[in-house]
Each structure stands twice: as C-alpha cells, then as structure tokens.
Amino acid sequence: MTIGIWVLGDRLSQQQTALKKYEGKKQEVAVILIESSNYARQRLYHRQKLVLVWSAMRHFAEELKQDGWQVTYAIAVDFITPLQEWIKAKKISELSLTEPSDRSFTEFVKSLELNCQLKLLPDNHFLWTKAEFQAWADQGKRLLMEDFYREGRKRFKILMAGKKPVGGKWNFDKQNRQPPKQSLTTPDPITFKPDTITHEVIDWVNAKEFSNYGEIEPFNWGVTRQQALQVLEHFITKCLTNFGAYQDAMITGERTMWHSLISPYLNLGLLEPAEVISAVEAAYYRQELPLNSVEGFIRQVLGWREYMNGIYHYMDANYGDRNWFEHHHSLPDFFWDANATNMNCLHQTLTQIEETGYAHHIQRLMVLSNFALIAGISPQEIENWFHSAFIDGYDWVMQTNVIGMGQFADGGVLASKPYAASANYINKMSDYCSDCSYNRSDRTGEKACPFNFFYWDFLSRHRDRLSSLGRMNLVLSHLKRMSSEELAQIQTQAETWWQQQK
Ligand code: FAD
Ligand code: SF4
C-alpha cells in the first residue's frame, strides 16, 4: 500500500495527525500541497490573506523537504486535477489527511472522485475534540462560554491552585476593559521583511488579479513557524502586561494596541493553542505578570477560541443561514472602500483593514459588526465580507463570531443579548468621535451620528423579540420613555439613510 498525505493550507504543522502518523516512514510516503486559483476566487479575499496562506504553504513545503519528506507542490486551477495526476503517478492507494477545519471543505473532500481510499484523521489543532465538546454541551442546560471556560481550566489544569482558580477568582474583568487614556504608549508590533518566496507570491497574486481588495504591500506578516514563535515571544515580553487593562480600547493610529496578533498563525497551524497557553502561563509564574492580563488572555485562547470551534461543529450545517432579526439590507459599498464613509470610527477601522487585513476584537465587534446589526444588514452579507477581508478568517471562526456573536442571528445560542450599542460606547472606548463629522450626542438632525438613530431604531423595530431576552429590559425601559415624535423622527432618519445608499 502506498500512502499519500494531502497537507491543507490551514494545517501547516508537523504535529498534524497525518504527518505525525507517518513521520517514521518519510521516504515511503508522498506528500502534496495544492494552491487552487478557483478556490482563491470564491470570494474577494484580501490580497494579503492570499499572500499569507500561499507563502506559508510554500515555506512549509520547503521545511518538509528539508526534513526528508517527498513533497509535490502543485499550483493549479482546481484541486482535483493535480490530485488525480499525483495519485496516478505515485501509485497511491490511500490518501490520508488531517480533517479540515471547515465543514464545507470536509464535504468537498469526501465528494472527490479519487482512485484510492480516503482516510480522514482527527484534527488535533484544538484542545477539545469534537466528541469532548459534544459531551460537555449535551450534559448542561446552557451553552455558556463561562461554564465551558471554567471546565477547560480544570480539565487542562491551567492557572489552577488545586481545585481553585489561581488568585481566588475565575475572572478579573473589573480591572480589564478600561477606556483609553491620552498618555498611553503602545508597543510596536513585530514585523517581517518579505523574503524571495513571499515576493514571488506577491508578484503572482498581482499578476493573476485574484482580487482587488486590500493593499498587498507593505506585507509585514510572518510566514513560518519560527516567525510565528517570535510573534508569540514579542507579545509575552512587550504586550502581555497591559493586555487586560486596554483590551477593549481603540485609539486612532494605534492599530494593534497590546493585542497578540497570533490569530493568523494559530489558524494556519503555525502555532498550537496548547503551546501558546503554556508559554503565557509559564511567563506569569516566572515574571510575576499581572493576573488580570494573563487570565484575560488565556480566557481568549482556552475559552473563546475553543468554544467557537466547538459550537461550529456542534450546530447543524444550516447555522450560517440563520437570521433571527430578519435583516435583509445589502452591505453598503463603503465596507469595500474606507474612503466612501465619513463615519470616523468606520473609516479608521476599514482603512486599517485595507492596509493590513487586521483589526482587533472590539473594532470587529463594536464598530463593524455593531453597525451591521443595528442598521439591519443581512448577516450572510456581512459574514461574507468579514470572511473576505480578514487575514485570519475561516468558516469555523466566521460563522460563530459573525452570525452568532456579532449579529445575534442564531437567536441567542452563544450570546445572551445582542452586542448593540450607540455612539456612547464608541465614544467611551475610543477617541474616534472627537474627530468625526457627526455629532456623537445627536440622535436626530443633520449631524446626528448614524450609530445613534440606528441603535434606537433597532430597539424599536425589534422591541417584542428583545423583550423576550431578560437582559434587554433596562435599555427597553429607556425606549419606553422616548416620545413618539422623537421615535418617528429616528425611524425616518434611518430610512432616509438607506435611501441615500441606493
Ligand atoms: P488577541 O486579542 O490577542 O486574542 C488572543 C487570541 O484569542 C486570538 O488570536 C484568537 O486566537 C483568540 N480569540 C479571542 N477571541 C476569539 C473569538 N471570539 N473567536 C475565536 N478566537 C478568539 N478570530 C479569528 O481568528 N478569525 C476571524 O476571522 C475572526 N473574526 C471575527 C469577527 C467578529 C465579528 C468578531 C467579533 C470576532 C472575530 N474573531 C476572529 C475573534 C477575535 O476578534 C480575533 O481572534 C482577534 O481579534 C485576533 O487578533 P489577536 O490575535 O490580536 O487577538
Ligand atoms: Fe462613529 Fe458616531 Fe463617533 Fe462618528 S460620532 S466616530 S460615526 S460613533
């Protein structure tokens, strides 16, 4: 029997199950990696995302070759043609691959007509297996992230003092999420100069015009495991101390604050979640770092990331089609062109995404996604945009974060209330409003901030549905106190805004 291993673009790890299984038989096993231009043209992907994935794949192929694997690297229109040719040429009788992270790609792989057996090996790039998550989810009444996270802390013995959490509490959020101060000095992110391989990919993406979205250069992302490890080290030494306190703050021109920037590498397989958590925990004990920051960060990786992946596989395949609020507006054009909006918070965030493919969590949730939610944009349209525009976007992480967390389109599977907010929140957590042509305090009138009239219009449009969620009663009581004249004005202003988009 001749074994072939197909290494997918988001499984770039020597620890992945298929490579691990045959690491003692490198000479006898054939390995293939495939770039498919049809796949890349499925969406208007950010050009840096294409460069990142393909350059990381090409670097990983080189690493495998140097390590003694027999590697074929195919650049093709589709996946099936080079796969069939390689299977025939190498006389492969069993094609092994680590299970893809995205459900639709798994189905695609299973549907391929191959002249050999197909063997999917379990995905080992998350701490929880699908079966373990399912067992946890089936035993409880609620699918609360907080419960899941505490279970994870105990199961993997992270920041535990016996059976109790280190520091006596499970979370230190009261010390976290502070508004930005004027005098903050943030660390510069670590950047990497493109090498020959990356330059070749940049030229290829430019020449083939796969997409016109996003600046392709300067391209500063790491493309190898060594570089990903440097990003993690930089985060631990330069950013972790202040991570918690300013986790939610947004400052003009400060694009990365104290965030780690590791999501692209975790999602490609260049970093493993277990090693990230261990390194951060070890730094806490070694350097006596603030527990609020360390716990706050570990919660992101051990809690949120694992939980989102677990929910994605736990829910049915139609999860991504949900639309609890029945929102159907098309995505405004300015999402693809930051200069086409004069809402400063959106303009700043969209500009930085065009230039880097990255925005931090609160920019994603409380600026971009919040706007889409309160304005009534179709959850599927905004999900497609997020998936295209972000350097770290994949189906599993997009559906849960955008459809579930951001748009509440699942009706509350993973959030107990929608993340909807007016300009008040953005003004508290950023400096964007002070330089905006809209007035953050006005709900109606020529200078009224669209986040204000859309927010109140959203509450009014959906008051019946929202009142079924206990946690919305306080804000709905403010709505009740609003005069019918003001509400009518707000509604007209929201409708007029949409008419002007046409
Ligand atoms: P940090 O703030 O430094 O956090 C550390 C790590 O925690 C991240 O790298 C990530 O791996 C993990 N993490 C934290 N929150 C989440 C979460 N909600 N879901 C999954 N992982 C989490 N994350 C992606 O990896 N890809 C996406 O395409 C993506 N899209 C998002 C869209 C929306 C609307 C929202 C609200 C969140 C999205 N997230 C996504 C989650 C989160 O915003 C990013 O993981 C994070 O901003 C990445 O930047 P960082 O590495 O600097 O993160
Ligand atoms: Fe954004 Fe409104 Fe603030 Fe302008 S005033 S930055 S549109 S929240």
Query raised in the report: If you check every pair at least six apart or on different chains, which have Cβ atoms under 9 Å apart with a residue in region 306-325 that is free of Cβ contacts under 8 Å to residues at least 60 places away in the same chain first and a residue that is open to solvent by 10 Å² or more (accessible area, probe 1.4 Å) and part of a helix (DSSP H, G or I) second?
Result: Asp321/Gln380
Requested in this report: With the condition kept exactly as written, say whether any residue in region 425-444 is more than 30 Å from Ser211 (Cα to Cα) and away from ligand 2 (no atom under 16 Å from the Cβ).
Outcome: no
Query raised in the report: Based on what the data block shows, is Tyr265 surrounded by 21 or more Cβ atoms within 10 Å (Cβ to Cβ) and outside any helix (DSSP H, G or I)?
Result: no
Query raised in the report: Which of the residues spanning region 406-429 are open to solvent by 10 Å² or more (accessible area, probe 1.4 Å) and assigned to a helix (DSSP H, G or I)?
Result: Asn424, Tyr425, Asn427, Lys428
Query raised in the report: Which one of these does Glu381 not meet: (1) within 16 Å of ligand 2 (Cβ to nearest atom); (2) farther than 21 Å from Gln48 by Cβ; (3) out of contact with any helix residue (DSSP H, G or I) (no Cβ under 6 Å at 6 or more places or on another chain)?
Result: (1)
Query raised in the report: Taking Phe386, is it within 16 Å of ligand 2 (Cβ to nearest atom), assigned to a helix (DSSP H, G or I), aromatic (Phe, Trp, Tyr) and on the phi < 0 side of the Ramachandran plot?
Result: no
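Conditions tested, residue by residue: (1) in a helix (DSSP H, G or I); (2) among the acidic types (Asp, Glu); (3) open to solvent by less than 60 Å² (accessible area, probe 1.4 Å).
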position: Tyr149; (1), (2), (3): yes, no, yes
position: Thr186; (1), (2), (3): no, no, yes
position: His199; (1), (2), (3): yes, no, no
position: Asn206; (1), (2), (3): yes, no, no
Report task. Return only the number of the condition from (1) open to solvent by less than 10 Å² (accessible area, probe 1.4 Å); (2) within 13 Å of ligand 2 (Cβ to nearest atom); (3) of a type outside the set (D, E, K, R); (4) not in a helix (DSSP H, G or I) that Phe453 does not satisfy. Result -> (4)
**Report entry** Qualifying helices (runs of 4 or more DSSP H) (wholly inside region 21-100; at least 3 residues being without any contact (Cβ under 8 Å) to a residue 12 or more places away in the chain, farther than 12 Å from Trp6 by Cβ and polar (S, T, N, Q))
**Finding:** none
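The values are calculated or read from the model by the stated rules, or taken from the named source; none is laboratory data. Treat the numbers as computed from the prediction; the structure is a model and nothing was measured. Here Cβ is always computed from backbone atoms with ideal geometry, including for glycine, and neighbour counts include all displayed protein chains. Just so you know, the surface numbers come from the protein's heavy atoms only, side chains and all, with ligands and any DNA or RNA stripped out. Shrake-Rupley method; radii C 1.70, N 1.55, O 1.52, S 1.80 Å.
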